[in-house]
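Every number here is computed from the coordinates shown, using simple stated rules; none is lab data. Model, not experiment: these values are computed from the prediction. Positions of Cβ are generated from backbone atoms using ideal geometry, with glycine treated the same way; all protein chains shown enter the neighbour counts.
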Amino acid sequence: TEAATCASCPHASQLVLHVGPHKTGTTSLQQFMFSERAWLAKTYGIYVANHGGKSGAYLAATIQHDVQQHAVSPDLRVQRGAVSAAERDSQMQDLSEALRSNASLVFFSSESLDKWDSGTWAYFFALLSKSLPTELNFCIRIVVAGRTPVDLYRSWWSERNKKTTNPDSFLKFMTRSREQADLLGARDFSLRLLDTLEQAVGRSSLCPYSYEYLNERALSPAVFVVCNVSQKLDGREWAACKEGVQKRVSGGKANSSPPPSAIDVVRLARNMFLARAGRRRKCAM
């Protein structure tokens, strides 16, 4: 059976926040949830709050900007100079209206949420609570993917270099990307992200999954979000849910990055070009 991995929330609406991180199938998941939002609402009572595949990135970036660049007053009003506070409030209103609707579960996704620290999460929850009636009972679930560190960093390296003719070496990328350990001693990105999320919502509200495991089983992350997190299914019911979701998942991967060998070929071709150009200049002298 495929048992759900995070605590249930039987007597309240759920807000499920998918935080990525980058290069763990987030684009494909967002596209599926948005394109199938009518079917998800009718079949499973899931309200998809994203207004498009990548619409969540703006809200995540704006809230992070509020916290990092501007002082936030005790009454949660951003001080003068904040970027697009009105648009931020509009998107927050969309989330609060979704929670006030008849939907049993509201889904929102942005891999930019993986950049938030515990203070940014606290600010977001305070904004959300302020926009809701005090009697409304809801719970938070955070879906986060785990991936083997070397594969995750290599995917980031490929993504960064796929549109340049002068790509960095993987060693140079890793040197620049070296992270400081967090307060619990974790240096790996995925571990530091889990530490931050646990501080923000508690361990029981985290719904982690393995990117590699889903790939081995040829399963979309949408299966985990819909069948495990939202419906808490297992056994035959989980299998039926999985089949229904998989039938609607489009083939192929979105936002694919080039293989490392392709980047190495570009680096080799550039180095050969520079070497030849150097020899020509030397002969011209």
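Just the projected area, averaged over all directions, of the convex hull on the alpha carbon atoms of region 116-249: how many nm²?
Numbers: hull surface 47.3 nm².
That works out to 11.8 nm², a quarter of the Cα hull's surface.
Could you give me the ³J(HN,Hα) list for region 196-203, computed from phi with Karplus coefficients 6.51, -1.76, 1.60 and θ = phi - 60°, whole Hz, x at Gly and Pro?
Calculated HN-Hα couplings, in order: 5, 5, 5, 5, 6, 10, x, 5 Hz.
Given a cut-off of 26 Å, name the pairs among Lys23/Lys115; Lys130/Lys242; Lys23/Lys172; Lys162/Lys242 whose C-alpha atoms lie farther apart than that in the structure shown. Can you show the working numbers first?
Numbers: Lys23/Lys115 14 Å; Lys130/Lys242 37 Å; Lys23/Lys172 20 Å; Lys162/Lys242 33 Å.
Lys130/Lys242; Lys162/Lys242, as the Cα separations exceed 26 Å there.
Using amide H atoms built in the peptide plane, which far-off residues or other-chain residues are under 5 Å from Ile46 H to H?
Those qualifying (amide H under 5 Å, at least 5 residues apart or on another chain) are Ala41.
Ordered by residue, what ³J(HN,Hα) values in Hz, to whole numbers, does region 11-26 give under the Karplus form 6.51 cos²θ - 1.76 cosθ + 1.60, where θ = phi - 60° and Gly and Pro are x?
10, 7, 5, 10, 10, 9, 10, 9, 9, x, x, 3, 6, 10, x, 5
Within region 104-177, which GluC sites (Glu not before Pro) sit in a loop by DSSP and count at most 12 neighbouring Cβ atoms inside 10 Å?
On the way: sites: Glu111, Glu135, Glu159; in loops: Glu135.
Passing sites in region 104-177 are Glu135.
With Kirkwood's inverse mean 1/r over C-alpha pairs for Rh, give me the Rg to Rh ratio of region 89-159, two decimals please. Walk me through the numbers before you get to the answer.
Details: Rg = 15.6 Å, Rh = 14.6 Å.
For region 89-159, the value is 1.07.
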